[in-house]
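These notes concern the structure reproduced below.
The values are calculated or read from the model by the stated rules, or taken from the named source; none is laboratory data. If you're wondering where the values come from, they're calculated on a predicted model, not measured in any experiment. Positions of Cβ are backbone-derived with ideal geometry, glycine not excepted, and every protein chain shown enters the neighbour counts. Please note that ligands, DNA and RNA were not included when accessible areas were found on the heavy atoms of the full protein model with its side chains. Shrake-Rupley method; radii C 1.70, N 1.55, O 1.52, S 1.80 Å.
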Amino acid sequence: MTIVVGRCFVIEKTGPLYLQRLVQMLCICAPLLWLAGCTGVTVGKISSSDYLADRRNDILTTGRLGQQSVSTLIRIGFRTQYQCTNYIDACRNRVSESDQVSDEERLSLLSELWVYDAIHSEETEPGVDKSILVDKWLNAARSAYGYLFFTQRDPEERAFEDRQTQVRDYYNYATQRTFLLMFDIRKEAGFETDQAVWAKRAIKGWQVLVDMTDIHLPPESDVPEDLIAAGSLTFSGIEHIYRRDGLGSELVVVGRAPQGRKVSGLPFEQTSYPVVTGVIEFSGRSLEEVMGNNKAVLRLLDPYRSAKLSLAGKDVPFAGNFTSGYGLWLARGDFTRQSWRSFFGLEGGIDEPRIIMMQPYDPDRRVILMLHGLVSGPAAWVNTANDILGDSRLRRSYQVWQVYYPTNVPIVVTHAEIRRVLRDTLDVLDPTRTAQASKDMTIIGHSMGGILARLMVSESGDTFWDAIQKKYSLDEEHFERLQNDFADYLHFSPIKEIDDAIFIATPHSGTPEADTTLSRWMSKLISLPTNMVSQLKMQSHIATLNDQQREVINMIVDEWGTANSLTSLSTYNQFLLLAADIPISPTVRYHSIIGVTEPDVPLFAADDGYVPYVSAHIEGADSETVVTSSHSVQASTEAINVIRAILAEKVRRNSGSGH
């Protein structure tokens, strides 16, 4: 017979004796276990990757609330996160009123809940009013702002906590979405709308101001075409993405300026893709004030100008992206196609030099002036310029200007035109030449750009006039007239604003490759910009000259002047051979970086596939670095590191001298 005692089953007088005793013991123990709550602990193991995922996964990485938010919800009384997210408004109210958790726990949870709510609305409610989304993202940012700056502990005390990093990310992402949505709303309303009216219309219930006093956008970018999250962009052809961690959203402003063409008649253009950082500051001096009003200031910052901002009474590092604007500019500029069209004189190229600034002009930073080579353009410097701007030591001291010029034009003409463009640019930006940007420039030239760079720091004296007079023995009147007509091309002094030069794979005395049959054939296909040819012809006054004088003019115009850039690099070009011997200014430090394709070959016989070492070598250089590379040595890691070292040394040198 079986007897039931409580929850036990007793088998009486049946079965083996040991089984009867075991059942009796269980009957005694079971009530005790039940009274103890039936609790128990087991141990298991998880992998390190799962451990990190459990600690760091959250709404932004998995689409679900993070572990810490779920734990806080359970403490408040929710059994699962879905009890909260399925009734999000009621859940937030309950969290806000709960006294079971600290302010840090409450605000970090509220921020993640607002992020969840905003993302869910964007993904599942097509056509939702953007002002509703802005309100949700502002609330997410405000909760994170309160956590970061108005709870019991300062941010520094939580520096090593994963939760603070998550909350910072909620703030940054909410800030990004707020700026992008606000831009869309204003674009739809028309940029002519008054800011105060637009902001009031954009988000009902909020008083929002936009502060752009820290940034200096070029005129053509004041009414941008687009605003893009820098983190949403990826690039091929750029080796590194340089950015700085911190508070705020990294953004790229897309301007309206056409690349490589005149804007408002100026000889330069500032980047049409400036990078900025957006932050949101909420009104209030206490947590209660911050969470109790709907006042916010949307601030745009220039990450190049500073690395910290004052927020809630604290100096806070803010984020920055130093590659995405540059990469977007190169990707949309179509410079490679444009350079080839310029080389052959086709429509769609450029017909005169331009200075293009990689970031908005800063009078307090030194200029690096980059000159590309033959059939090339800004894309030649893609990783060189990016690595310079990505180096925090150099970024604080330098700004990069690229000279973009048509490479079908002969060197003698291009040199004079680039001098004019640089002079005109400085006249506009700093007519008194008192800004740091107008002093201590560094010029870097690759290939033909290196020849141009050397001419810009050299003293011609009467070298070219003496050569002409020696060959033709002109009378005084006509010789003086010739000098006046061609002074800009054949008589020049070092540009005083430049005190450092770097020549890269530069054929100072020409290259045999320009003398080949193929090169001579290609040179016949090159057409020069009509304006430059006619300018030289007009200056020559050929119709009034006798045969001997006309021969001199033809030599200057045809052999030195309007031959073309390819024949300008010939080892027989008289202008180039004379230019190779004129002295570089004694106040200029200059360096050579030379490529050789076969490092085991003696230097006197080595070349980079285009330029022989003996042509790239220059006496008196402060340094010479030989790199195993093809002609595109400027793109090699070793060459870039040498350039960075030279620039860093200049900063240290000038800092020590008080400049």
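The residues listed here are Val134, Val115, Val95, Val70; of these, the one that is over 41 Å from the mean Cα position of the chain (by Cα) and part of a helix (DSSP H, G or I) is Val95. Can you name every residue in the range 425-470 that is touching a residue at least 24 places away in the same chain (Cβ under 8 Å), among the charged types (D, E, K, R), surrounded by fewer than 17 Cβ atoms within 10 Å (Cβ to Cβ) and under 20 Å from Ile411 (Cβ atoms)? Matches in the range 425-470: Glu459, Asp462.
Kindly indicate whether Ser96 is exposed (fewer than 15 other Cβ atoms within 10 Å of the Cβ) and under 19 Å from Glu289 (Cβ atoms). Against the criterion (exposed (fewer than 15 other Cβ atoms within 10 Å of the Cβ) and under 19 Å from Glu289 (Cβ atoms)), Ser96 qualifies. Kindly indicate whether Thr72 is farther than 18 Å from Tyr147 by Cα and modelled with pLDDT of 75 or more. Spelling it out, it is not the case that Thr72 is farther than 18 Å from Tyr147 by Cα and modelled with pLDDT of 75 or more.
As for the range 155-174, it holds no residue that is aromatic (Phe, Trp, Tyr), crowded, with 23+ Cβ neighbours inside 10 Å, farther than 26 Å from Ser286 by Cβ and in contact (Cβ under 8 Å) with a residue 12 or more places away in the chain. Within the range 121-131, the set of residues being open to solvent by 10 Å² or more (accessible area, probe 1.4 Å) and either touching a helix residue (DSSP H, G or I) at 6+ places or on another chain (Cβ under 9 Å) or part of a loop (DSSP other than H, G, I, E, B) (or both) comprises Glu122, Glu125, Pro126, Gly127, Val128, Asp129, Lys130, Ser131.
Examine the range 499-511 for a residue that is hydrophobic (A, V, I, L, M, F, W, C) and under 19 Å from Asp581 (Cβ atoms), and state whether such a residue exists. Yes: the range 499-511 contains one or more residues that are hydrophobic (A, V, I, L, M, F, W, C) and under 19 Å from Asp581 (Cβ atoms). For the range 560-581, indicate whether the set of residues that are more than 30 Å from Ser636 (Cα to Cα), among the hydrophobic types (A, V, I, L, M, F, W, C), surrounded by 18 or more Cβ atoms within 10 Å (Cβ to Cβ) and at pLDDT 60 or above is non-empty. Yes, the conditions are met somewhere in the range 560-581. Answer with yes or no whether Met532 is under 43 Å from the mean Cα position of the chain (by Cα), under 25 Å from Gln402 (Cβ atoms), modelled with pLDDT of 85 or more and buried (at least 18 other Cβ atoms within 10 Å of the Cβ). No.
Evaluated against (1) of a type in the set (D, E, K, R); (2) buried (at least 20 other Cβ atoms within 10 Å of the Cβ); (3) part of a loop (DSSP other than H, G, I, E, B), Arg299 falls short on exactly one condition, (3). Quick one: is Leu330 among the hydrophobic types (A, V, I, L, M, F, W, C), open to solvent by 10 Å² or more (accessible area, probe 1.4 Å) and in contact with an Asp or Glu (Cβ under 7 Å, 6 or more places away or on another chain)? In short, no. Evaluating Ser286 against the criteria (1) among the hydroxyl-bearing types (Ser, Thr, Tyr); (2) surrounded by fewer than 19 Cβ atoms within 10 Å (Cβ to Cβ); (3) at pLDDT below 95 leaves one unmet condition, (3).
Filtering the range 353-366 to residues that are among the aliphatic types (A, V, I, L, M) and over 16 Å from the mean Cα position of the chain (by Cα) leaves only Ile355. Checked against (1) of a type in the set (S, T, N, Q); (2) assigned to a helix (DSSP H, G or I); (3) at pLDDT below 90; (4) open to solvent by less than 80 Å² (accessible area, probe 1.4 Å), Gln24 passes all but a single condition, namely (4).
The test for being modelled with pLDDT of 95 or more, over 22 Å from Lys650 (Cβ atoms) and crowded, with 20+ Cβ neighbours inside 10 Å does not hold for Ser592.
Per the conditions (1) without any contact (Cβ under 8 Å) to a residue 12 or more places away in the chain; (2) farther than 17 Å from Thr175 by Cα, the sole criterion not satisfied by Val101 is (1).
Here the condition is being modelled with pLDDT of 95 or more and at negative phi; of Glu624, Glu551, it holds for Glu624 alone. Put simply, of Ala606, Ala635 the only residue that is open to solvent by less than 10 Å² (accessible area, probe 1.4 Å) and touching a helix residue (DSSP H, G or I) at 6+ places or on another chain (Cβ under 8 Å) is Ala606.
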